[in-house]
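**Q** Okay, handing you the structure first.
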Amino acid sequence: MAQKEKLKWCPASNVAFDAVQFFDESVQAGFPSPAEDHLDLDLDLNSYLIQHPSATFCVRVEGESMIGAGIQSDDVIMIDRSLDPQKGSIVLAVLDGEFTVKRVDVQDDKLYLLPENPKLKPIEVGEEMSFQVWGVVTFVIHKV
C-alpha cells in the first residue's frame, strides 16, 4: 500500500514570484572559472516554472518515498494537470483514496508506482484498486 504522505495545497495562482535578478551566465560547480562580464536580466519565475497556469498547483510533500528523485520531506512540488503522464513521469496520484507521489512505470501490461527510496517496494496498481493521476510533477522547490 502507498505510504501516507501529508500534502499541503497551494494553487499556483497564489504564488507571487516577483521578477528576480538573473545573470545569464553559467556558474561552475566544479573548479572556479575566471570572472567574465555577466549580462544582468530579470527572471520571471511565474513564466519559467508555470507553463499552464490554470492547470498548475503546488503541494508541500511530507515523506521520504521520493528522496532518490530529489524530492525531500517539506519540499514544494509543482503539479501540471494538463500534462499526460508518460512511463517514467513522477506523478501525484490518488491510490485507494490516499495521495501519493511516485514514478509511473508499465511492465508486461501492468501499471506500477515506483518509490525512489530503496527501503520501499514498488506498488502494483491492480484492477480492484481505485487509482487516478492528479497531475505530473514539473518542478521541485526546496531549500538548500
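**Q** Students often get this wrong, so check it: of K87/K121; K110/K143; K87/K143, which have C-alpha atoms separated by over 26 Å?
**A** K110/K143; K87/K143
**Q** Measuring from label point to label point, each 7 Å out along Cα→Cβ, what is the V106 to W134 span in nm?
**A** It is 2.4 nm.
**Q** Loop-only check: which trypsin sites (Lys or Arg not before Pro) in region 39-144 are DSSP coil with at most 16 other Cβ within 10 angstrom? Walk me through the intermediate numbers first.
**A** Numbers: sites: R60, R81, K87, K102, R103, K110, K119, K143; in loops: R81, K87, K119, K143.
Answer in residue order: R81, K87, K119, K143.
The numbers here are math on the coordinates, done by the rules we state, and not lab data. Small disclaimer: the values here were computed from a predicted structure and weren't measured. We place every Cβ from the backbone using ideal geometry, glycine too, and count neighbours over all the protein chains shown.
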